[in-house]
There are 2 protein chains.
Amino acid sequence: MELKSIGRIESPYQCKGDAPRQGIYSKEIMKIHVEPEYAEALKGVAVESHIVVLYWGDRADRSVLRTIPPRRDVEMGVFACRSPNRPNPIALCVAEVMAISANTLTVVGLDALDGSPLLDIKPYVSMLDDSQMHREA
Amino acid sequence: MELKSIGRIESPYQCKGDAPRQGIYSKEIMKIHVEPEYAEALKGVAVESHIVVLYWGDRADRSVLRTIPPRRDVEMGVFACRSPNRPNPIALCVAEVMAISANTLTVVGLDALDGSPLLDIKPYVSMLDDSQMHREA
C-alpha cells in the first residue's frame, strides 16, 4: 500500500520540540499546499469550515508500540494514545479553513512539522466524527 | 511512503452495495483483528470507549478527483466530501469498542468491507476531534 504525497504543509514548527502536543493547542496560521494535479479535488472546500487533515509523520518512529504519554505515568499502547510514533504515522488534525487561494489552504489547528507530506483532506462532519452524535444515533 | 497492514477488519459487507454510506449508519458488530506483532500497542484500549479507526479502502478508485455525493446534485471535489474514492483512500470511522479479547476488538460503527487492511487505531478525544471544542478552545 503505497501513499501518494498530494501536497505539503508549510509550518513554523521546524522540529519536534517546536510543535504543541496536538493541533488544537496551536494558534499558528499554516498553509497547506496541494499539488496542482490534485487541485480540482478542492472544489467545494469552504472558508470557515472545519476539515480533517491527514498528513504523514515523516519524522515519527514507526517501531514504537508502547509509550508514556505526556502528563501520565503509565506506559500505554500507541493505539490507546495520540503519540505521533506508531506503525503507520498517519497524523490527524481537525483544522479550520481561514482562506483559500488556488491550490493553497490557509488553516489554523495543525501540529505538523514544516514540510510534512499531505495525505488527505476530508470535510469535518459532526454527525460522523463526534462520538456524542454516535451515542444519539 | 509505504503503509504496513497492521490487521484486518472482519465485516459482513462483502461488496460496495452492502455497506452503508458511512460507519455511523451501521449497526453491524464487526471484529478488528490486529496482527499479533502489534498486539501490545492495544494496551489501554478500553471497552465502551470510542476509537478512531483508519483503514485502507483497498477497493477504492484512487483516480477520482470529483464526484457527485449521495443526495446532492452537484459535482464536488473529493476533499470536500466523504467519498471512499480519493487519491489516498484512508477511510476514517469513529467506532465504539464492545469487547476486547487478546488481539481482537469487537466494535460497532464501521462501514468497512470484509478484509479491509487496518492502518491505525487512535483513541477518540472530544477535545481534539470535535470541531465545537475547537471553537471554544
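The values are calculated or read from the model by the stated rules, or taken from the named source; none is laboratory data. Being a predicted model, the structure only gives us computed values, none of them experimental. Note that we place each Cβ from the backbone using ideal geometry, even for glycine, and neighbour counts take in every protein chain shown. Just so you know, the surface numbers come from the protein's heavy atoms only, side chains and all, with ligands and any DNA or RNA stripped out. Shrake-Rupley method; radii C 1.70, N 1.55, O 1.52, S 1.80 Å.
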**Study point:** Lone unmet requirement of (1) in contact (Cβ under 8 Å) with a residue 24 or more places away in the chain; (2) facing chain A (nearest Cβ under 9 Å) for B:Val74
**Key:** (1)
Check your understanding: Does the stretch B:9-32 hold any residues that are among the basic types (Lys, Arg) and touching a helix residue (DSSP H, G or I) at 6+ places or on another chain (Cβ under 9 Å), and which are they?
Key -> none
Check your understanding: Across the stretch A:25-40, what is the total count of residues that are within 13 Å of chain B (Cβ to nearest Cβ), over 12 Å from A:Leu105 (Cα atoms) and in contact (Cβ under 8 Å) with a residue 24 or more places away in the chain?
Key -> 5
Review point. Given the conditions (1) open to solvent by 10 Å² or more (accessible area, probe 1.4 Å); (2) within 13 Å of the chain's Cα centre (by Cα), and given that A:Val107 satisfies all but one, which numbered condition is not satisfied?
Key: (1)
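Please enumerate the residues belonging to the stretch A:1-18 that are in a strand (DSSP E or B) and either among the β-branched types (Val, Ile, Thr) or within 24 Å of A:Cys81 (Cβ to Cβ) (or both).
A:Ile9 - this is the single residue of the stretch A:1-18 that is in a strand (DSSP E or B) and either among the β-branched types (Val, Ile, Thr) or within 24 Å of A:Cys81 (Cβ to Cβ) (or both).
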Practice item. Can you tell me which residue among B:Val97, B:Val108 is within 11 Å of another protein chain (Cβ to nearest Cβ), closer than 24 Å to A:Val74 by Cβ and hydrophobic (A, V, I, L, M, F, W, C)? Key: B:Val97
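One line per residue, one yes/no per condition, for (1) at the interface with another protein chain (Cβ under 8 Å from one of its Cβ atoms); (2) open to solvent by less than 20 Å² (accessible area, probe 1.4 Å):
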{"position": "A:Ile9", "(1), (2)": "no, yes"}
{"position": "A:Asp18", "(1), (2)": "no, no"}
{"position": "A:Gly23", "(1), (2)": "yes, yes"}
{"position": "A:Ile90", "(1), (2)": "yes, yes"}
Study note, to complete from the structure: Note: among B:Ala80, B:Ala99, just one is open to solvent by less than 20 Å² (accessible area, probe 1.4 Å) and modelled with pLDDT of 95 or more, namely B:Ala80
**Study point:** Residue list for the stretch B:13-47, restricted to those being of a type in the set (A, V, I, L, M, F, W, C) and within 15 Å of B:Leu119 (Cα to Cα)
**Key:** B:Ile32, B:Val34, B:Ala39, B:Ala41, B:Leu42
Check your understanding: Hey, among A:Ala80, A:Ala60, which residue is free of Cβ contacts under 8 Å to residues at least 12 places away in the same chain and among the small types (Gly, Ala, Ser)?
Key -> A:Ala80
Point to revise | Some residue of the stretch A:53-60 being surrounded by 13 or more Cβ atoms within 10 Å (Cβ to Cβ), within 21 Å of A:Asp120 (Cβ to Cβ) and over 13 Å from the mean Cα position of the chain (by Cα) | key: yes
